[in-house]
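I have placed the structure first, in the form of structure tokens, so that the comments after it can refer back to it.
Every number in this text was worked out from the coordinates using simple rules, so none of it is lab data. Because the structure is a prediction, the values reported are computed rather than measured. A quick note on method: Cβ atoms are made from the backbone with ideal geometry, for glycine too, and the neighbour counts reach across all protein chains shown.
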Amino acid sequence: MGYLPGTAPEPVTLLINEIIQELLPLRDIRAEYRIIKEISFIQKEKSLQVAGVTFNIKPIIYRQIKDAEEVALFICTAGRAVGEMSRNSMKEGDLLRGYVYDVIGSEVVEHAADMMQEELKGESQARGRKITNRFSPGYCGWDVAEQHKLFSFFKDNFCGITLTESALMNPVKSVSGLIGIGEHVRYSQYQCHLCDDKNCIYRNRKSESL
């Protein structure tokens, strides 16, 4: 929320703690991934083919995963409830409460994706492989519309995420993307100057904040 540690006013911290307790019983946080070995890279177009499906991932992502031997496609969601609570609070005029729901929802889905990525990392290490960072449509020049292609790999869709015609996800607090896997790939600390998303909640964050 932009506060440095220990600087948030008490009414805000009390509200955050209240909402966290309210959300704890929810059980609709989900994530899934598919590892696909049939991949190839098209250097000239800076694109990736996965089982015959072409993803135009653009130069920034291409550079990070071009040495991968496999990719993991993933989807992850914080569930519908937190987004609905945020919208309802906003409609009722409680903008602060709605905003706190929104921020917590973003943190929840990112941490769920972190846990999914750690599981993938362990599975890959057991096979003598490493993983890259995760990359999502809508970031680093990758067209968000390609989420339709990505979701075509999740016919069962355990997470229950749907896409609008314009490729926005529902529930809103959801993420999707890909991770490179191979012996010669590497994970790097996220570097904000490589990304063109000026509204990312993690942009240039050097310390934990509320």
Task: Debye log10 I(q)/I(0) at q = 0.10, 0.17, 0.18, 0.21 Å⁻¹ for region 1-84, Cα point scatterers - done: -0.52, -0.79, -0.81, -0.94
Task: DSSP loop GluC sites (Glu not before Pro) with at most 15 other Cβ within 10 Å excluded, longest remaining stretch of the chain - done: 93-164
- [ ] Obtain the nm distance between the two label points defined at GLU45 and GLU107 by a simple spin-label model: each point lies 7 Å from its Cα along the Cα-to-C-beta direction.
- [x] 4.2 nm
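For region 43-99, which trypsin sites (Lys or Arg not before Pro) are in a loop by DSSP, counting at most 10 other Cβ atoms within 10 Å? Let's see the in-between values first.
Numbers: sites: LYS44, LYS46, ARG63, LYS66, ARG80, ARG87, LYS91, ARG97; in loops: LYS44, LYS46, LYS66.
Hits after loop and neighbour filter: LYS44.
Based solely on its DSSP helices, what 222 nm [θ] is calculated for the chain when runs of n ≥ 4 H residues each add -39,500 (n - 2.57) and the sum is averaged over all residues, nearest 500 deg cm²/dmol?
Working: 5 runs with 71 residues, N = 210.
One gets -11000 deg cm²/dmol as the mean residue ellipticity at 222 nm.
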TODO: For the chain, build the charge dipole from Cβ charges (+1 Lys, Arg; -1 Asp, Glu) around the Cα centre, then report which of VAL172, ALA78, GLN64 sits farthest towards its positive end.
DONE: GLN64
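Using a Förster distance of 25 angstrom, determine the FRET efficiency expected from the C-beta separation of ARG186 and ILE16, and round it to 0.05. Numbers along the way, then the final one.
Details: r = 36 Å, r/R0 = 1.43.
The formula returns an efficiency of 0.10 here.
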- [ ] Give me the distance in nm between label points sitting 7 Å out from Cα along the Cα-to-Cβ direction at LYS91 and THR7, one decimal.
- [x] 3.6 nm
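Once you have the Cα-Cα distance between ILE36 and ASP143, take 0.36 nm times their residue separation minus that, and quote the gain in nm to one decimal. Working shown, then result.
Numbers: separation 107, 0.36 × 107 = 38.52 nm, distance 2.10 nm.
Length difference between fully extended and current span is 36.4 nm.
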Open item on the list: What do you get for trypsin sites (Lys or Arg not before Pro) in region 1-35 restricted to DSSP loop and a cutoff of at most 11 other Cβ within 10 Å of the site's Cβ?
Closed with: ARG27
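Residue separation times 0.36 nm, minus the C-alpha to C-alpha distance between ARG27 and SER152: what's the value? Provide the component values of the computation, followed by the final result.
Values: separation 125, 0.36 × 125 = 45.00 nm, distance 2.54 nm.
Between ARG27 and SER152, full extension yields an extra 42.5 nm.
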Open item on the list: If the elastic network links every pair of Cα atoms under 10 Å, which of SER89, SER188, SER40 fluctuates the most in the Gaussian network model of the chain?
Closed with: SER188
